Amino acid sequence: MTLKELAEAAGVTVLRCDKEWGGTWAYKTLDHPHSTMCGFRSEAALYKGWAEDVFGKHAFKALSKLLDRGTT
């Protein structure tokens, strides 16, 4: 499983936003449907930002190691 697949399974929706936010990528979640997190410069940065927000930076590092190994 990839980080993108995990985010999609968790209900993350990817959107585009204006450059004025600092980046043109944004996301919404099912848990907070009325909030949009904008300003990511790439889709990969968006998924990393989402995971760090949800799990915390230290837990995300451990999670990314598991995802890199293909273990879920």
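List of remarks:
- Rg over Rh for the chain works out to 0.98, using Cα positions for both radii and the Kirkwood form for Rh.
- GNM flexibility winner over the chain from Leu30, Leu15, Leu46 (Cα, springs under 10 Å): Leu30
- Placing unit charges on the Cβ atoms of the charged side chains and taking the dipole of the chain about its Cα centre, the candidate lying farthest along the positive direction among Ala62, Thr36, Ala26 is Ala62.
- A crude spin-label estimate for the pair Thr36 and Glu5, with each label 7 Å from Cα along the Cβ direction, gives 2.9 nm.
- Accessible area per residue in Å² at 1.4 Å probe, computed on the chain: 70 Å²
- Expressed as a whole percent, the accessible area of the chain that falls on carbon and sulfur atoms is 54 (1.4 Å probe).
- With contributions of -39500 (n - 2.57) from each DSSP H run of at least four residues, the per-residue ellipticity at 222 nm computed over the chain stands at -14000 deg cm²/dmol.
- The range 53-65 - phi-based ³J(HN,Hα) in whole Hz, Karplus 6.51/-1.76/1.60, Gly and Pro as x: 5, 6, 9, x, 5, 5, 5, 4, 4, 5, 4, 5, 5
- When Arg41, Arg16 are compared by accessible area of protein heavy atoms, the largest-first order is Arg41, Arg16, using a 1.4 Å probe.
- Taking a straight line from the alpha carbon of Lys19, these lysines sit under 25 Å away, with near neighbours fewer than eight places off in the same chain left out: Lys4, Lys28, Lys48.
- When the chain is treated as a Gaussian network with alpha carbon springs shorter than 10 Å, the biggest mean-square fluctuation among Ala45, Ala26, Ala62 belongs to Ala62.
- Which of His58, His34 is most accessible, then next, and so on - probe 1.4 Å: His34, His58
The values are calculated or read from the model by the stated rules, or taken from the named source; none is laboratory data. The structure displayed is predicted, hence computed values, not measured ones. Neighbour counts are summed over all protein chains in view; Cβ atoms, including those assigned to glycine, are modelled from backbone coordinates with ideal geometry. Each accessible area value is taken on the protein alone, full model and side chains, heavy atoms only, with ligands, DNA and RNA left out. Shrake-Rupley method; radii C 1.70, N 1.55, O 1.52, S 1.80 Å.
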